[in-house]
1. Search segment 63-79 for residues that are closer than 15 Å to Tyr47 by Cβ and in contact (Cβ under 8 Å) with a residue 12 or more places away in the chain and pair each with any residue that is among the acidic types (Asp, Glu) and not in a helix (DSSP H, G or I) when their beta-carbon atoms are under 6 Å apart and the residues are at least 6 apart or on different chains.
2. Going by the conditions given, is Ala31 modelled with pLDDT of 85 or more, surrounded by fewer than 10 Cβ atoms within 10 Å (Cβ to Cβ), among the small types (Gly, Ala, Ser) and more than 18 Å from His92 (Cβ to Cβ)?
3. Scanning segment 34-76 for residues that are among the acidic types (Asp, Glu) and modelled with pLDDT of 90 or more, which turns out farthest from His92 (Cα to Cα)?
4. Filtering segment 49-104 down to residues that are of a type in the set (A, V, I, L, M, F, W, C) and in a loop (DSSP other than H, G, I, E, B), which residue is surrounded by the fewest Cβ atoms within 10 Å (Cβ to Cβ)?
Amino acid sequence: MLIQPAQTGPQRGRKAPIPYPLSLVTAVILACTGCGAIYPRIDEGSYLTYDHAFSDAAAQAVFRSAEKICAERKRIVIKSSSTCSLTECTTHYLCVDQKKNLGV
């Protein structure tokens, strides 16, 4: 019985399959699944802390995220402080009851 060596290269007339483009596409899709989501770095009780870029768009996105989290808890959001460098900011929010906030 004659044993044929395994063919490792492309066969005549056929192109070798290229597995990496599919892997690259899959990696890009998986990497961007959370691209639009912004999550707080610290979420303890009513306190939310975000690290974000120093831009108006990032500040608005962080505020909307905090507003959404507080709304899920049936509370309103208050920005308590923000500290920025030339490139990044750290912003703190507090979720409070609307009645307590209005002094009722």
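1. The qualifying pairs are Arg75/Asp97.
2. Considered against the rule, which asks whether it is modelled with pLDDT of 85 or more, surrounded by fewer than 10 Cβ atoms within 10 Å (Cβ to Cβ), among the small types (Gly, Ala, Ser) and more than 18 Å from His92 (Cβ to Cβ), Ala31 comes out as no.
3. Top of the filtered list is Glu72.
4. Leu86
The values are calculated or read from the model by the stated rules, or taken from the named source; none is laboratory data. Just so we're clear, the structure is a prediction, and the values are computed from it rather than from any experiment. Cβ: placed from backbone, ideal geometry, glycine included. Neighbour counts: every protein chain shown.
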